[in-house]
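What follows is one structure encoded as C-alpha coordinates, with my remarks underneath.
The values are calculated or read from the model by the stated rules, or taken from the named source; none is laboratory data. Quick caveat, the model's predicted, so the values are computed rather than measured. Glycine gets a Cβ as well: all are built from the backbone with ideal geometry, and neighbour counts include every protein chain shown.
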Amino acid sequence: MNNVIDTVLDHRSIRHFEDKLLTDEQIKTIISCAQSAATSSFIQAYSIIGIKNKEKKKKLAELVGNQEYVEKNGHFFVFCADLYRHTVIGENEQKDVIASIESTEKFMVALIDASLAAQNAAIAAESMGLGICYIGGIRNNLEEVKKLLKTPERVIPLFGMAVGYPKLRTDKKPRLPFEHVYHEDEYQQNKEVYVQQLQEYDKLISSYYEQRTSGRRKDRWTEQMANMLEKQNRMYMKEFIEKNKMNLN
(Lines give C-alpha, C1' and ligand atoms only; values in the text may rest on other atoms or scores of the structure.)
Protein backbone atom coordinates (compact mmCIF):
# COMPACT_ATOMS: atom_id res chain seq x y z
CA MET A 1 0.00 0.00 0.00
CA ASN A 2 1.03 3.62 -0.50
CA ASN A 3 -0.45 7.08 -0.06
CA VAL A 4 -2.06 7.12 -3.52
CA ILE A 5 -3.85 3.82 -2.92
CA ASP A 6 -4.89 4.93 0.57
CA THR A 7 -6.41 8.09 -0.95
CA VAL A 8 -8.32 6.14 -3.62
CA LEU A 9 -9.66 3.58 -1.14
CA ASP A 10 -10.74 6.30 1.29
CA HIS A 11 -13.09 7.96 -1.20
CA ARG A 12 -16.58 8.94 -0.17
CA SER A 13 -18.91 11.67 -1.44
CA ILE A 14 -18.75 14.90 0.56
CA ARG A 15 -21.86 17.09 0.58
CA HIS A 16 -21.07 19.52 3.38
CA PHE A 17 -18.16 21.91 2.93
CA GLU A 18 -16.52 24.60 5.01
CA ASP A 19 -17.01 28.19 3.87
CA LYS A 20 -13.54 28.38 2.33
CA LEU A 21 -12.69 28.83 -1.35
CA LEU A 22 -9.96 26.96 -3.19
CA THR A 23 -6.96 29.03 -4.19
CA ASP A 24 -6.10 29.62 -7.85
CA GLU A 25 -3.03 27.43 -7.33
CA GLN A 26 -5.16 24.55 -6.05
CA ILE A 27 -7.53 24.90 -9.00
CA LYS A 28 -4.63 24.91 -11.46
CA THR A 29 -3.10 21.83 -9.84
CA ILE A 30 -6.40 19.92 -10.02
CA ILE A 31 -6.87 20.84 -13.69
CA SER A 32 -3.26 19.95 -14.51
CA CYS A 33 -3.81 16.53 -12.96
CA ALA A 34 -7.03 16.14 -14.96
CA GLN A 35 -5.12 16.91 -18.14
CA SER A 36 -2.55 14.25 -17.28
CA ALA A 37 -5.18 11.53 -17.66
CA ALA A 38 -5.04 9.13 -20.60
CA THR A 39 -6.82 10.37 -23.73
CA SER A 40 -7.77 8.26 -26.75
CA SER A 41 -5.43 8.94 -29.69
CA PHE A 42 -4.43 12.21 -27.97
CA ILE A 43 -7.78 13.68 -29.04
CA GLN A 44 -8.38 15.46 -25.69
CA ALA A 45 -12.11 15.72 -26.37
CA TYR A 46 -13.22 17.47 -23.19
CA SER A 47 -13.31 20.85 -21.50
CA ILE A 48 -13.70 21.85 -17.86
CA ILE A 49 -15.64 24.92 -16.77
CA GLY A 50 -14.93 26.28 -13.30
CA ILE A 51 -17.74 28.26 -11.69
CA LYS A 52 -16.68 31.12 -9.42
CA ASN A 53 -19.60 33.51 -9.97
CA LYS A 54 -21.96 33.19 -6.98
CA GLU A 55 -25.10 33.84 -8.99
CA LYS A 56 -24.19 31.17 -11.55
CA LYS A 57 -23.50 28.66 -8.77
CA LYS A 58 -26.85 29.48 -7.21
CA LYS A 59 -28.62 29.03 -10.55
CA LEU A 60 -26.81 25.75 -11.20
CA ALA A 61 -27.85 24.51 -7.76
CA GLU A 62 -31.48 25.20 -8.73
CA LEU A 63 -31.13 23.50 -12.13
CA VAL A 64 -29.66 20.30 -10.68
CA GLY A 65 -32.50 19.92 -8.18
CA ASN A 66 -31.81 22.46 -5.42
CA GLN A 67 -28.67 20.72 -4.19
CA GLU A 68 -27.11 23.13 -1.69
CA TYR A 69 -23.59 21.75 -2.06
CA VAL A 70 -23.57 22.83 -5.72
CA GLU A 71 -23.77 26.40 -4.47
CA LYS A 72 -21.79 26.11 -1.24
CA ASN A 73 -18.36 24.59 -1.82
CA GLY A 74 -14.73 25.53 -2.35
CA HIS A 75 -15.05 25.43 -6.13
CA PHE A 76 -17.41 23.90 -8.67
CA PHE A 77 -16.24 22.22 -11.89
CA VAL A 78 -18.36 21.18 -14.87
CA PHE A 79 -16.85 18.48 -17.10
CA CYS A 80 -17.93 18.62 -20.74
CA ALA A 81 -17.61 16.32 -23.74
CA ASP A 82 -16.09 18.69 -26.30
CA LEU A 83 -15.82 18.10 -30.04
CA TYR A 84 -16.27 21.77 -30.93
CA ARG A 85 -12.51 22.36 -30.98
CA HIS A 86 -12.14 19.49 -33.43
CA THR A 87 -14.74 21.10 -35.70
CA VAL A 88 -12.60 24.25 -35.65
CA ILE A 89 -9.48 22.16 -36.33
CA GLY A 90 -11.15 20.65 -39.39
CA GLU A 91 -12.05 24.11 -40.70
CA ASN A 92 -8.57 25.50 -40.10
CA GLU A 93 -6.83 22.47 -41.62
CA GLN A 94 -9.35 22.32 -44.50
CA LYS A 95 -10.23 18.68 -43.80
CA ASP A 96 -13.68 17.09 -43.86
CA VAL A 97 -13.91 15.85 -40.27
CA ILE A 98 -17.66 16.18 -39.70
CA ALA A 99 -18.67 12.56 -40.36
CA SER A 100 -16.07 11.38 -37.87
CA ILE A 101 -16.99 14.01 -35.27
CA GLU A 102 -20.68 13.10 -35.52
CA SER A 103 -20.01 9.36 -35.08
CA THR A 104 -20.99 7.32 -32.02
CA GLU A 105 -17.34 6.30 -31.66
CA LYS A 106 -16.09 9.88 -31.27
CA PHE A 107 -18.98 10.65 -28.92
CA MET A 108 -17.89 7.71 -26.76
CA VAL A 109 -14.28 8.93 -26.90
CA ALA A 110 -15.40 12.34 -25.63
CA LEU A 111 -17.37 10.75 -22.77
CA ILE A 112 -14.48 8.51 -21.79
CA ASP A 113 -11.87 11.26 -22.05
CA ALA A 114 -13.94 13.56 -19.83
CA SER A 115 -14.54 10.80 -17.28
CA LEU A 116 -10.86 9.87 -17.07
CA ALA A 117 -9.91 13.52 -16.63
CA ALA A 118 -12.53 13.95 -13.91
CA GLN A 119 -11.35 10.97 -11.92
CA ASN A 120 -7.78 12.26 -12.05
CA ALA A 121 -9.09 15.59 -10.77
CA ALA A 122 -10.99 13.85 -7.97
CA ILE A 123 -7.95 11.89 -6.79
CA ALA A 124 -5.78 15.02 -6.96
CA ALA A 125 -8.29 16.99 -4.88
CA GLU A 126 -8.65 14.23 -2.30
CA SER A 127 -4.87 13.86 -2.03
CA MET A 128 -4.80 17.56 -1.03
CA GLY A 129 -7.17 16.90 1.87
CA LEU A 130 -10.21 18.14 -0.03
CA GLY A 131 -13.52 16.36 -0.52
CA ILE A 132 -15.49 15.92 -3.74
CA CYS A 133 -18.98 15.06 -4.92
CA TYR A 134 -19.93 14.23 -8.50
CA ILE A 135 -23.14 15.94 -9.65
CA GLY A 136 -25.06 14.05 -12.34
CA GLY A 137 -28.00 16.41 -11.85
CA ILE A 138 -26.30 18.70 -14.37
CA ARG A 139 -28.17 16.61 -16.95
CA ASN A 140 -31.60 17.35 -15.44
CA ASN A 141 -32.00 20.40 -17.66
CA LEU A 142 -29.17 20.61 -20.16
CA GLU A 143 -30.77 23.29 -22.32
CA GLU A 144 -30.72 25.72 -19.40
CA VAL A 145 -27.26 24.59 -18.29
CA LYS A 146 -25.89 25.18 -21.79
CA LYS A 147 -27.41 28.67 -21.85
CA LEU A 148 -25.96 29.48 -18.43
CA LEU A 149 -22.49 28.23 -19.36
CA LYS A 150 -22.68 29.47 -22.97
CA THR A 151 -21.38 26.20 -24.41
CA PRO A 152 -21.29 26.02 -28.22
CA GLU A 153 -22.61 23.25 -30.46
CA ARG A 154 -20.85 19.91 -29.96
CA VAL A 155 -20.08 20.68 -26.31
CA ILE A 156 -22.19 18.71 -23.81
CA PRO A 157 -21.98 19.37 -20.05
CA LEU A 158 -21.84 15.84 -18.61
CA PHE A 159 -21.55 16.21 -14.85
CA GLY A 160 -20.37 18.57 -12.19
CA MET A 161 -17.91 18.14 -9.34
CA ALA A 162 -18.20 20.05 -6.08
CA VAL A 163 -14.83 20.36 -4.36
CA GLY A 164 -13.98 21.82 -1.00
CA TYR A 165 -12.84 21.40 2.58
CA PRO A 166 -14.96 18.69 4.22
CA LYS A 167 -17.22 19.88 7.01
CA LEU A 168 -18.75 16.46 7.55
CA ARG A 169 -17.39 13.08 6.45
CA THR A 170 -19.92 10.31 6.10
CA ASP A 171 -19.13 6.61 6.34
CA LYS A 172 -17.95 4.84 3.20
CA LYS A 173 -20.62 2.88 1.35
CA PRO A 174 -19.62 -0.75 0.83
CA ARG A 175 -19.11 -1.56 -2.84
CA LEU A 176 -20.16 -4.70 -4.70
CA PRO A 177 -18.12 -7.82 -3.86
CA PHE A 178 -14.80 -8.21 -5.67
CA GLU A 179 -15.95 -11.57 -7.08
CA HIS A 180 -19.07 -9.98 -8.54
CA VAL A 181 -17.22 -7.20 -10.36
CA TYR A 182 -14.00 -8.95 -11.43
CA HIS A 183 -14.31 -11.68 -14.08
CA GLU A 184 -11.24 -13.63 -15.10
CA ASP A 185 -10.74 -14.57 -18.77
CA GLU A 186 -14.46 -14.35 -19.56
CA TYR A 187 -17.77 -13.08 -18.15
CA GLN A 188 -19.03 -15.61 -15.63
CA GLN A 189 -22.46 -16.93 -16.63
CA ASN A 190 -23.57 -18.88 -13.55
CA LYS A 191 -26.75 -16.97 -12.73
CA GLU A 192 -27.32 -18.84 -9.48
CA VAL A 193 -23.95 -17.65 -8.15
CA TYR A 194 -24.60 -14.20 -9.58
CA VAL A 195 -27.90 -13.86 -7.71
CA GLN A 196 -26.37 -15.23 -4.51
CA GLN A 197 -23.65 -12.56 -4.64
CA LEU A 198 -26.31 -9.88 -5.04
CA GLN A 199 -28.29 -11.25 -2.10
CA GLU A 200 -25.19 -11.20 0.11
CA TYR A 201 -24.50 -7.64 -0.95
CA ASP A 202 -28.10 -6.69 -0.19
CA LYS A 203 -27.61 -7.83 3.43
CA LEU A 204 -24.44 -5.76 3.72
CA ILE A 205 -26.06 -2.60 2.31
CA SER A 206 -29.22 -3.02 4.36
CA SER A 207 -27.10 -3.31 7.50
CA TYR A 208 -25.09 -0.23 6.48
CA TYR A 209 -28.24 1.89 6.11
CA GLU A 210 -29.76 0.54 9.31
CA GLN A 211 -26.68 1.43 11.36
CA ARG A 212 -26.23 4.82 9.70
CA THR A 213 -29.87 5.86 10.26
CA SER A 214 -30.45 4.19 13.65
CA GLY A 215 -32.97 1.81 12.10
CA ARG A 216 -34.94 4.36 10.09
CA ARG A 217 -33.75 2.90 6.80
CA LYS A 218 -32.66 -0.58 5.77
CA ASP A 219 -33.47 -0.92 2.07
CA ARG A 220 -31.59 -3.40 -0.10
CA TRP A 221 -29.33 -2.32 -2.98
CA THR A 222 -31.21 -4.35 -5.60
CA GLU A 223 -34.48 -2.90 -4.31
CA GLN A 224 -33.00 0.59 -4.56
CA MET A 225 -31.76 0.02 -8.12
CA ALA A 226 -35.00 -1.56 -9.34
CA ASN A 227 -37.07 1.31 -7.94
CA MET A 228 -34.76 3.87 -9.55
CA LEU A 229 -34.64 2.17 -12.94
CA GLU A 230 -38.40 1.67 -13.02
CA LYS A 231 -38.77 5.45 -13.24
CA GLN A 232 -37.87 6.89 -16.63
CA ASN A 233 -35.41 9.72 -16.14
CA ARG A 234 -33.82 12.27 -18.52
CA MET A 235 -35.37 10.53 -21.51
CA TYR A 236 -34.77 13.62 -23.65
CA MET A 237 -31.03 12.90 -23.78
CA LYS A 238 -30.80 11.18 -27.18
CA GLU A 239 -32.70 13.99 -28.89
CA PHE A 240 -30.65 16.63 -27.08
CA ILE A 241 -27.31 15.07 -28.06
CA GLU A 242 -28.34 14.70 -31.70
CA LYS A 243 -29.56 18.30 -31.70
CA ASN A 244 -26.03 19.27 -30.69
CA LYS A 245 -24.61 17.36 -33.70
CA MET A 246 -23.08 14.49 -31.76
CA ASN A 247 -23.69 10.71 -31.88
CA LEU A 248 -25.46 10.93 -35.25
CA ASN A 249 -23.95 7.92 -37.00
Conditions (1) under 25 Å from the mean Cα position of the chain (by Cα); (2) farther than 30 Å from Y84 by Cβ; (3) of a type outside the set (D, E, K, R) -> S214 fails only (1)
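Closer than 30 Å to E239 by Cβ, in contact with a Phe, Trp or Tyr (Cβ under 8 Å, 6 or more places away or on another chain) and hydrophobic (A, V, I, L, M, F, W, C), is that true of L149?
Numbers: closer than 30 Å to E239 by Cβ: yes; in contact with a Phe, Trp or Tyr (Cβ under 8 Å, 6 or more places away or on another chain): no; hydrophobic (A, V, I, L, M, F, W, C): yes.
So L149 does not fit the description; no.
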Reported set for the stretch 149-175 where residues are farther than 21 Å from F17 by Cβ, hydrophobic (A, V, I, L, M, F, W, C) and touching a helix residue (DSSP H, G or I) at 6+ places or on another chain (Cβ under 6 Å) is V155, L158
Pairing a residue in the stretch 224-249 that is within 25 Å of S207 (Cα to Cα) with any residue that is surrounded by 13 or more Cβ atoms within 10 Å (Cβ to Cβ) and aliphatic (A, V, I, L, M), where Cβ atoms lie under 9 Å and the two sit 6 or more apart in sequence or on different chains, gives Q224/I205
Got at least one residue in the stretch 43-50 being farther than 22 Å from E143 by Cβ, modelled with pLDDT of 95 or more and over 18 Å from the mean Cα position of the chain (by Cα)?
-> yes
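Tell me, please, whether a residue that is more than 25 Å from H11 (Cα to Cα), surrounded by 22 or more Cβ atoms within 10 Å (Cβ to Cβ) and in contact with a strand residue (DSSP E or B) (Cβ under 8 Å, 6 or more places away or on another chain) can be found in the stretch 127-135. Let's see the steps before the verdict.
Quick first cut of the stretch 127-135, residues more than 25 Å from H11 (Cα to Cα) only: none.
No; the residues of the stretch 127-135 include none that is more than 25 Å from H11 (Cα to Cα), surrounded by 22 or more Cβ atoms within 10 Å (Cβ to Cβ) and in contact with a strand residue (DSSP E or B) (Cβ under 8 Å, 6 or more places away or on another chain).
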Among the residues of the stretch 66-77, is there at least one that is modelled with pLDDT under 95 and out of contact with any helix residue (DSSP H, G or I) (no Cβ under 9 Å at 6 or more places or on another chain)? yes
Taking the stretch 165-192 and keeping only residues that are of a type outside the set (F, W, Y), within 22 Å of V8 (Cβ to Cβ) and not in a loop (DSSP other than H, G, I, E, B), one is left with P166, E179, H180, V181
Expected output for the stretch 75-102 (first residue closer than 30 Å to R15 by Cβ, partner among the acidic types (D, E) and modelled with pLDDT of 95 or more, Cβ below 9 Å, 6+ apart or cross-chain) is A81/D113; D82/D113
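Considering only the stretch 1-42, state which residues are among the basic types (K, R) and over 18 Å from the mean Cα position of the chain (by Cα). Outline the logic, then answer.
Step one: of the stretch 1-42, the residues among the basic types (K, R) are 12, 15, 20, 28.
Correct list: K20, K28.
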Scanning the stretch 193-249 for residues that are in contact with a strand residue (DSSP E or B) (Cβ under 8 Å, 6 or more places away or on another chain) and either modelled with pLDDT under 90 or part of a loop (DSSP other than H, G, I, E, B) (or both) gives N244, M246
With the first residue restricted to the stretch 1-25 and required to be touching a residue at least 40 places away in the same chain (Cβ under 8 Å) and over 18 Å from A61 (Cβ atoms), and the second required to be assigned to a loop (DSSP other than H, G, I, E, B) and among the charged types (D, E, K, R), Cβ contacts under 6 Å at 6 or more apart or on different chains are R12/K172
Taking the stretch 73-123 and the residues there that are surrounded by 17 or more Cβ atoms within 10 Å (Cβ to Cβ) and among the acidic types (D, E), the one that is farthest from the chain's Cα centre (by Cα) would be E102
Within the stretch 16-36, residues surrounded by 19 or more Cβ atoms within 10 Å (Cβ to Cβ) and part of a loop (DSSP other than H, G, I, E, B) come out as L22
The correct count of residues that are in contact with a Gly (Cβ under 8 Å, 6 or more places away or on another chain) and within 22 Å of I156 (Cβ to Cβ) in the stretch 32-73 is 6
